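Notes follow once the structure below has been shown.
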Amino acid sequence: MVNATLPPHFHDLSKPQAEAYLQKFLAELPGSQTRLASMLTRTGTDPALAHAATPDTLHPLWEVTVAHWPLGWQEGYDYAKDPWSRNDPTLDALGPLEELPSWFSHDRIHYSVFAPSTLWVIDLLARHLGQVVVSNSPALDWRTGPRRPANNIDRNMPVAGTAKGWIEPRRLVRVLIRRQIEGHFDRNAPSTLRDLYERITWHADSW
């Protein structure tokens, strides 16, 4: 049974707590690259992709994602009965929360529907996408989502951008992964990591 005492959601973190988590998130980036490189190696893909924060890595990474890595819902979630995740499944089927990406305990809403292996795919791709964004736009960096207004959807979360404009890469990748699992594609919406990057950079010019 999952411990009923869970860490506060990102929205409820104090400013010092949010800053502390951002530093933890950033400290995890080298380990995330190592994990991604290992997963790439197991598919026969050049692991150097994990360490190169360039836009050209995004298309091959997405190809590996859809061709080799199992993507799916967590045990107990019935997409056919609850396609909009209004009734998220319990956390029990996910196993120990400390074995999931560190942000999960602070952002369980909308993510508990995914299998643990899929949560790690979301984590690795989102961190890589964020690194590509900040590494190729000198004015952008990792920061905490603004605390004002209080209903800011990205409040206290690690985001890539400036105080004026930013992206929260986990949510963007989550939507891509969800559409891939569902087999639902919108020709007017980004459908690959590279598509996301192009859309982001188009907006980032005004940040």
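All of the numbers you see were taken from the coordinates with simple rules; none came from a lab. If you're wondering where the values come from, they're calculated on a predicted model, not measured in any experiment. Quick reminder, even Gly has a Cβ in these numbers, built from the backbone with ideal geometry, and neighbours come from all protein chains shown.
Would you work out which of Thr162, Val64, His184 lies farthest towards the positive end of the dipole of the chain? Charges go on Cβ: Lys and Arg +1, Asp and Glu -1.
Highest projection toward the positive end goes to Thr162.
Roughly what would the spin-label model give for Thr43 and Ser206, points 7 Å off Cα along C-beta, in nm?
3.4 nm
Out of these labelled values of mean projected area of the Cα convex hull in nm², (1) 11.8; (2) 14.0; (3) 17.4, which was calculated from the coordinates shown here?
Given (1) 11.8; (2) 14.0; (3) 17.4, the calculated one carries the label (1).
How far, in nm, would the chain grow between Asp186 and Arg35 when pulled straight, counting 0.36 nm per residue and subtracting the alpha carbon separation?
51.3 nm
Roughly how big is the range 30-101's charge dipole about its Cα centre, with Cβ charges of +1 (Lys, Arg) and -1 (Asp, Glu), in debye to the nearest 20?
140 debye
Could you point to the residue in Pro8, Gly76, Leu22 farthest towards the positive end of the range 1-114's charge dipole, with +1 and -1 charges on the Cβ of Lys/Arg and Asp/Glu respectively?
Going by the charge dipole, the pick is Leu22.
When the dipole is taken about the Cα centre of the chain, and only Lys, Arg (+1) and Asp, Glu (-1) are charged at their Cβ, what size is it in debye, to the nearest 20?
With only Lys, Arg, Asp and Glu charged at Cβ, the dipole is about 460 debye.
Calculate for the chain the 222 nm mean residue ellipticity that helices alone would give, adding -39,500 (n - 2.57) per DSSP H run of length 4 or more and normalising by residue count, nearest 500 deg cm²/dmol.
-13000 deg cm²/dmol
Extension gain Glu198-His51, at 0.36 nm per residue separation less the Cα-Cα distance, in nm?
Here the answer is 50.9 nm.
Using alpha-carbon positions, what is the distance between the centroids of the range 7-76 and the range 172-207, in Å?
What the calculation gives is 16 Å, centre to centre.
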